[in-house]
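Notes follow the structure.
The values are calculated or read from the model by the stated rules, or taken from the named source; none is laboratory data. Keep in mind that this is a model prediction, so the values were computed, not measured. Cβ atoms come from the backbone with ideal geometry, glycine included; neighbour counts cover every protein chain shown. All accessible areas refer to the heavy atoms of the entire protein, side chains included, with ligands and DNA or RNA removed. Shrake-Rupley method; radii C 1.70, N 1.55, O 1.52, S 1.80 Å.
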Amino acid sequence: VQLVESGGGLVQAGESLRLSCLASGNIFSVNAVAWYRQAPGKERLERELVATSTNGGSTHYADSVKGRFTTSRDNAKNTVYLQMNSLKPEDTAVYYCNAEISPVLSSSYYHYWGQGTQVTVSS
């Protein structure tokens, strides 16, 4: 099982980006998916939880992005998106997705991380 993020880049404040997180491999089902970000100078354990979504349709957002970011998912494509609008310089970070996945032939769920995608917002 692999998670691959894409869609990061360099934008100016106020602009938008859409990140994608594609899960591939021998996947039976994908449960909750979360987006985290790691700001410059922060350690891995200091990653900030940005948004979560479940396969039941529930979503939650950090206060810092509420009203600006939206997460959605295409379960048929095993892809989760993070639409980021009205970006601010403080949104600059490496964005990671973390998914709870049950592989084929397994009755358990495991957490997987992607490699991250860089988002840089200039003022």
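Before moving on, here are some points about what is shown:
- Search result, residues across region 78-113 that are among the small types (G, A, S), surrounded by fewer than 21 Cβ atoms within 10 Å (Cβ to Cβ) and modelled with pLDDT of 95 or more: S86
- Here Y112 fits the description: under 15 Å from the mean Cα position of the chain (by Cα), aromatic (F, W, Y) and either assigned to a loop (DSSP other than H, G, I, E, B) or over 27 Å from S123 (Cα atoms) (or both).
Table: residues versus (1) under 14 Å from the mean Cα position of the chain (by Cα); (2) more than 16 Å from T71 (Cα to Cα).
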| residue | (1), (2) |
| --- | --- |
| N85 | no, no |
| Y95 | yes, no |
| N98 | yes, no |
| S102 | no, yes |
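- Conditions (1) outside any strand (DSSP E or B); (2) more than 17 Å from D74 (Cα to Cα): number failed by L49: (1)
- Within the option set L82, L3, L105, L19, being assigned to a loop (DSSP other than H, G, I, E, B) and among the aliphatic types (A, V, I, L, M) holds for one residue only, L105.
- Listed by first and then second residue, the pairs with beta-carbon distance under 6 Å, at least 6 apart or on different chains, first residue in region 1-29 and of a type in the set (S, T, N, Q), second in a loop (DSSP other than H, G, I, E, B) and open to solvent by less than 60 Å² (accessible area, probe 1.4 Å), are Q2/G25; S16/N85; S20/G7.
- For region 43-77, the candidate set comprises residues that are in contact (Cβ under 8 Å) with a residue 40 or more places away in the chain and over 13 Å from N98 (Cα atoms); within that set, the residue that is most open to solvent (accessible area, probe 1.4 Å) is K77.
- Which numbered condition S29 misses (of (1) hydroxyl-bearing (S, T, Y); (2) touching a strand residue (DSSP E or B) at 6+ places or on another chain (Cβ under 6 Å); (3) open to solvent by 60 Å² or more (accessible area, probe 1.4 Å); (4) more than 20 Å from V11 (Cβ to Cβ)): (3)
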